[in-house]
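Note sheet for the following structure.
Bear in mind these aren't lab numbers, they're just calculated from the coordinates by the rules spelled out. Keep in mind that what you see is a predicted model, and the values were worked out from it rather than measured. When we count neighbours, we look across all protein chains shown, and the Cβ atoms used for this are built from the backbone with ideal geometry, even at glycine.
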Amino acid sequence: MALDVTEQIKPPRAVFLPFMMGHHFGVPYHKELQRRVILEALDHLVDAKESGEVKFPPLSWAKARKEGIAIKKALDIK
């Protein structure tokens, strides 16, 4: 979801990732990244100090996509 939409909706807490729409957990087959996204969200449930707080984990779409391509090649997926 776009950051401006998240800020307008004002959920009790949110984790914002700069990923492409439809790729909420990163790229296919990247289990390590998907696990990290889930853990970031769960940690934020515990660590958020006030309602509406948005967490920005240090993740990038470019890096996730590059790693995803390497994983697909290693798995011989076309």
Task: V54-F16 pseudo-label distance in nm [points 7 Å out on the Cα-to-Cβ vector] - done: 0.2 nm
Open item on the list: Tell me which trypsin sites (Lys or Arg not before Pro) from segment 4-66 have a DSSP coil assignment and no more than 15 other beta carbons within 10 Å of their own.
Closed with: K49
- [ ] For the chain, set up a Gaussian network in which alpha carbons nearer than 10 Å are linked by springs, and say which option among L59, L42, L33 fluctuates the most.
- [x] L42
Task: Residue-by-residue Karplus 3J(HN,Hα) for segment 5-14, coefficients 6.51, -1.76, 1.60, Hz, glycine and proline x - done: 5, 4, 5, 6, 5, 6, x, x, 7, 8
TODO: Normalising by the residue count of segment 14-74, find the relative contact order in percent from Cα pairs under 8 Å and 6+ residues apart.
DONE: 53 percent
Open item on the list: Run the paramagnetic zone check for K72: 7 angstrom along Cα to Cβ, then residues of segment 19-35 with backbone nitrogen under 18 Å.
Closed with: 19-34
Task: Dipole magnitude of the chain, debye to nearest 20 (Cβ charges: Lys/Arg +1, Asp/Glu -1, about Cα centre) - done: 440 debye
Open item on the list: Between F56, F16, F25, where does the largest GNM mean-square fluctuation fall for the chain, given springs only between Cα atoms within less than 10 Å?
Closed with: F56
- [ ] Choose one of A2, F19, A62: the residue whose Cα lies farthest towards the positive end of the charge dipole of the chain (beta-carbon charges +1 Lys, Arg; -1 Asp, Glu; about the Cα centre).
- [x] A62
- [ ] Name the lysines eligible as straight-distance cross-link partners of K55: C-alpha to C-alpha under 18 Å, and not fewer than 8 places from it in the same chain.
- [x] K10
Task: K63-Q8 pseudo-label distance in nm [points 7 Å out on the Cα-to-Cβ vector] - done: 3.0 nm
Task: 11 Å beta-carbon shell around G52, net charge (K/R +1, D/E -1) - done: 0
